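Note sheet for the following structure.
The values are calculated or read from the model by the stated rules, or taken from the named source; none is laboratory data. As the structure is a prediction and not an experimental result, all values here were calculated from the model. Cβ coordinates were reconstructed from backbone atoms using ideal geometry, including for glycine residues, and neighbour counts include every protein chain displayed.
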Amino acid sequence: MNKRGNFIVIEGIDGSGKSTQTKLLSDFLSQNGHHIILKKYPEYGKPIGDLISNWLYSKDYDFNVEAQTLLYFADFIKDKEYLENNLKNGKIILSDRYFTSTMVYQRIKGMPMSKLNILAQTFGLIKPDKVIYLRISPETSFERKLQQKELDRHEGDKKFLNVLFNNFEKIAKECNWEVVDGEQPTNKVTKDIINIINKII
């Protein structure tokens, strides 16, 4: 029987390097003989992810906090069996964001953590084995995101970024996430992440 795999989530505010570090970690683990499944949420290019994208980048319409929450949950739920089957087969799943992001964003918007936890239990969301939070300041986030041509409704809002940072800090502490200094050079961030991952795989 295969040893069960690991589900690892890379988290952080916008511009923290989640996508870069997820890819670098995937390359490292693959080179060391591990079978890797890469995920990224929201999953743009698929029906639910595109609906989320349209909401994030358009001001033509809005969703209330309950509708937003259920949209994000639908994006996770659709992959539940896929993720579970790969974990049973011993593969390592690396995810750029997950329900962990929803906890932060939706709590800011007024959704109680108790309700979010009830939804997660009701839908049987798979719990990550390790969450790694890449910590950068709101100022660094804003500077990095300004280099992009288009920002979503959250990324260009300095006030929201400050609130977001504070809530990431709070939930990271509450949930015992591993914290890595995302302000460091890319290779140093990668090294710190690898040191954490080597303890669980």
Any hit, the range 53-62, residues being under 18 Å from Val104 (Cα atoms) and in contact with a strand residue (DSSP E or B) (Cβ under 8 Å, 6 or more places away or on another chain): no
Subset tally (residues that are of a type in the set (Ser, Thr, Tyr), free of Cβ contacts under 8 Å to residues at least 60 places away in the same chain and more than 16 Å from Thr122 (Cβ to Cβ)) for the range 54-86: 3
Some residue of the range 56-71 being within 27 Å of Gly182 (Cα to Cα) and either among the small types (Gly, Ala, Ser) or surrounded by 17 or more Cβ atoms within 10 Å (Cβ to Cβ) (or both): no
The range 1-44, residues that are more than 14 Å from the chain's Cα centre (by Cα) and aliphatic (A, V, I, L, M): Met1, Leu24, Leu25, Leu29, Ile36, Ile37
Matching residues, the range 172-192, being touching a residue at least 24 places away in the same chain (Cβ under 8 Å) and part of a loop (DSSP other than H, G, I, E, B): Cys175, Trp177, Gly182, Glu183
Flag for Leu94 being crowded, with 19+ Cβ neighbours inside 10 Å, in contact with a Phe, Trp or Tyr (Cβ under 7 Å, 6 or more places away or on another chain) and over 20 Å from Phe160 (Cβ atoms): no
Check on Leu164, surrounded by 14 or more Cβ atoms within 10 Å (Cβ to Cβ) and not β-branched (Val, Ile, Thr): yes
Tally, over the range 1-44, of residues that are outside any strand (DSSP E or B) and touching a residue at least 24 places away in the same chain (Cβ under 8 Å): 26
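Only one of Lys80, Lys40 is closer than 23 Å to Leu119 by Cβ, modelled with pLDDT of 95 or more, touching a Ser or Thr at 6+ places or on another chain (Cβ under 9 Å) and surrounded by fewer than 19 Cβ atoms within 10 Å (Cβ to Cβ). Can you tell me which? Spell out how you get there, then give the answer.
Values: Lys80 fails: touching a Ser or Thr at 6+ places or on another chain (Cβ under 9 Å).
Every option except Lys40 fails the conditions.
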